[in-house]
Amino acid sequence: MTIDWKQQSQDYRTDYLNDLKELIGIESVRDDEHATDEYPLGEGPTKAMLKFLSFGERDGFVTKNIDNIVGYIEYGSGDQTMAMQAHADVMPAGDGWQTNPFEMTEKDGNVYGRGTSDDKGPALAAYYGLKMLKDNGITPKMKIRLIVGTDEESHWTGMKHYFEVEPEPTFGFSPDAEFPLINGEKGNSTYVTTFGNANGEEITLKDFTSGLRPNMVPGNATALVETGDNEGMVDAFTKFLDTNSLSGDIKATNEGIAIHLIGKAAHAMEPKNGINAGTYLAKFLQQFAFEGDAKHFIDFLASDLHDDSRATKIGANHVDDVMGEVTMNVGIMRFNAHDGGSINTNFRYPKGTSDKEILTQLEAAARKHHGQVSETDNMVPHYVDPDDPIVKTLMNVYEEQSGDHDAKPEVVGGGTYARLMKRGVAFGALFPGTQDTMHQANEFQPINDLLKAMAIYGQSIYELTAK
């Protein structure tokens, strides 16, 4: 059968955008504070997942909701299963948006909104790729499932649960990254370093707050400081802004000097793409005579972690010829005079090192500042041989549709659901040359890119399951 995949994706344009608008309108940020038996991860993620399933039901597919934390849309039958793993949850919006992050906005050929790029837009493009087969009367030779998780941006509770109650798919891909194809993902480990709450008398750190998630470079940081020299701190802050690539403000309040520093948010897979407002704020505060645990907290950030995305200062740096460098993101920083301090660091590491080796180095560095380190999460590196048929098939489809015959599979620091399958890869939907706004304010995706991805997904599903 001959199908004009590109033309068919254009034919779906209006329906696709209408569906995407509904998805973007759901604020599907994991919300443990308001979790219930019905909504284990908060109302938003479940409702977004159910919205995906409703599209499948509308279009005549088999669907299944598993405990309101993961679900799938199914087509075909057989002993083998090809899976597409996507997620309906999104990162918190954060500050700096020029549009409503939870209302899809079309402008200059782009769609703006939280999830347009990560991962509602690409996931829906994969769904429409599957829909192409059904609408053209193509019966696959195996089972195909679009599996939709609800907390990829945190602990993967939903997708891990899927693998506990359902058989592992034979092979598949995750439409949650970039083209041409990602066949290797670094290990991903997260640690929390804690400090006591002791402070000084002449100058007191009453509060320090920066960061929303471990896998996000903080774009904002605030501190509340009590000092006897307000004017001196204001003057120092003005000089600090003059010599660094950040903006911010400082003012005296009834509780002390309130400081706000603005950097640039980015995805933690490459911290260099952001400007970490939290570590910069610590660097500013380090010049003052804090004492006790407040000083230890500030010094650890400013001396050991600031502006060092390759973790060389703490000795955790490592480079692998295939998988590249260790990267480190300082994602969440908190201190207050009652609870003490905590610093959340997220590492992406290649083969040749391990989470335990990183822990050893981090503990040694933190110990100098009286900090205690614990590991909270870890996923080992994932790699699929470039000669695996799924890699070859998907690369061939991408080359045919894009015309890019120099494209090669990549290894990245990002983590996708694909790593849960032995033969899982990440495939799109960000094209080379398109600005990556995942985890950032004003997240967007070009409409034509999403439609091109839809065509690539449609042909890929066909080649893998029905040809």
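Residues in segment 358-374 that are touching a residue at least 24 places away in the same chain (Cβ under 8 Å) and surrounded by 15 or more Cβ atoms within 10 Å (Cβ to Cβ): I358, L359, Q361, L362, A365, A366, H369, H370, G371, V373. Quickly run through segment 431-466 and pick out the residues that are in contact with a Phe, Trp or Tyr (Cβ under 7 Å, 6 or more places away or on another chain) and aliphatic (A, V, I, L, M). A441, M454, A455, I456 - these are the residues of segment 431-466 that are in contact with a Phe, Trp or Tyr (Cβ under 7 Å, 6 or more places away or on another chain) and aliphatic (A, V, I, L, M).
State yes or no: is K134 touching a Ser or Thr at 6+ places or on another chain (Cβ under 7 Å), more than 25 Å from P409 (Cα to Cα), assigned by TED's automatic domain parsing to the domain that holds D449 and surrounded by fewer than 23 Cβ atoms within 10 Å (Cβ to Cβ)? No. Only one of the listed residues (T81, T105) is in contact with a strand residue (DSSP E or B) (Cβ under 9 Å, 6 or more places away or on another chain) and farther than 24 Å from Y162 by Cβ. That residue is T105. From the residues in segment 231-248 that are among the hydroxyl-bearing types (S, T, Y) and closer than 17 Å to T279 by Cα, which one is surrounded by the fewest Cβ atoms within 10 Å (Cβ to Cβ)? Going through the qualifying residues, I end up with T243.
Within segment 412-440, the residues that satisfy the criterion of being among the hydrophobic types (A, V, I, L, M, F, W, C) and touching a Lys or Arg at 6+ places or on another chain (Cβ under 9 Å) are V412, L420, A426, A429, F431. With respect to D355, is the statement that it is of a type in the set (D, E), surrounded by fewer than 16 Cβ atoms within 10 Å (Cβ to Cβ) and at pLDDT 95 or above true? Considered against the rule, which asks whether it is of a type in the set (D, E), surrounded by fewer than 16 Cβ atoms within 10 Å (Cβ to Cβ) and at pLDDT 95 or above, D355 comes out as no.
If you check H370 against the conditions, is it assigned to a loop (DSSP other than H, G, I, E, B), out of contact with any Cys (no Cβ under 9 Å at 6 or more places or on another chain), of a type outside the set (V, I, T) and at pLDDT 95 or above?
Working: assigned to a loop (DSSP other than H, G, I, E, B): yes; out of contact with any Cys (no Cβ under 9 Å at 6 or more places or on another chain): yes; of a type outside the set (V, I, T): yes; at pLDDT 95 or above: yes.
In short, yes.
Quick one: which strands (runs of 3 or more DSSP E) lie wholly within segment 124-198 and hold at least 1 residues that are of a type in the set (D, E) and touching a strand residue (DSSP E or B) at 6+ places or on another chain (Cβ under 8 Å)?
By residue number, 182-185.
Scanning segment 199-222 for residues being surrounded by fewer than 23 Cβ atoms within 10 Å (Cβ to Cβ) and in a strand (DSSP E or B) gives a total of 7.
Residue by residue through segment 382-429, note down the ones that are more than 16 Å from P122 (Cβ to Cβ) and among the small types (G, A, S).
First, the residues of segment 382-429 that are more than 16 Å from P122 (Cβ to Cβ): 382-393, 395-396, 399-400, 403-411, 413, 419-423.
The answer is G403, A407, G413.
Tallying residues that are of a type in the set (F, W, Y), assigned to a helix (DSSP H, G or I) and under 24 Å from E255 (Cα atoms) within segment 286-344 yields 1. When only residues in segment 177-220 that are among the small types (G, A, S) and over 21 Å from A365 (Cβ atoms) count, which is farthest from the chain's Cα centre (by Cα)? Among residues in segment 177-220 that are among the small types (G, A, S) and over 21 Å from A365 (Cβ atoms), the one farthest from the chain's Cα centre (by Cα) is G200. Does D385 qualify as being under 30 Å from I461 (Cα atoms) and loosely packed, with under 15 Cβ neighbours inside 10 Å? So D385 fits the description; yes.
Among the listed residues G115, G129, G121, identify the single one that is on the phi > 0 side of the Ramachandran plot and assigned by TED's automatic domain parsing to the domain that holds S402. Write out each step before concluding.
Numbers: G129 fails: on the phi > 0 side of the Ramachandran plot; G121 fails: on the phi > 0 side of the Ramachandran plot.
Residue meeting the stated conditions: G115.
For segment 249-272, residues that are modelled with pLDDT of 95 or more, surrounded by 21 or more Cβ atoms within 10 Å (Cβ to Cβ) and under 16 Å from G211 (Cα atoms) total 4. The strands (runs of 3 or more DSSP E) found wholly in segment 1-100 and carrying at least 2 residues that are in contact (Cβ under 8 Å) with a residue 40 or more places away in the chain and not hydrophobic (A, V, I, L, M, F, W, C) occupy 70-75, 81-87. The residues in segment 230-289 that are at negative phi and either outside the structural domain of T209 (by TED's automatic domain parsing) or over 33 Å from the mean Cα position of the chain (by Cα) (or both) can be counted, and the count is 18.
Conditions tested, residue by residue: (1) farther than 30 Å from V411 by Cα; (2) among the charged types (D, E, K, R); (3) touching a residue at least 24 places away in the same chain (Cβ under 8 Å).
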site	(1), (2), (3)
A125	no, no, yes
T139	yes, no, yes
D207	yes, yes, yes
G219	no, no, yes
L224	yes, no, yes
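Pick from D89, D19: which is crowded, with 16+ Cβ neighbours inside 10 Å, under 20 Å from the mean Cα position of the chain (by Cα) and not hydroxyl-bearing (S, T, Y)? Steps first, please.
On the way: D19 fails: under 20 Å from the mean Cα position of the chain (by Cα).
Of D89, D19, the one residue that is crowded, with 16+ Cβ neighbours inside 10 Å, under 20 Å from the mean Cα position of the chain (by Cα) and not hydroxyl-bearing (S, T, Y) is D89.
Filtered by the rule that a residue be closer than 20 Å to K264 by Cβ, buried (at least 17 other Cβ atoms within 10 Å of the Cβ) and free of Cβ contacts under 8 Å to residues at least 60 places away in the same chain, segment 283-328 gives K283, F284, L301, A302, L305, H306, D308, S309, M328.
The values are calculated or read from the model by the stated rules, or taken from the named source; none is laboratory data. Not measured: the values here are computed from a predicted model. No Cβ is skipped: glycine too gets one built from the backbone with ideal geometry, and neighbour counts run over all protein chains shown.
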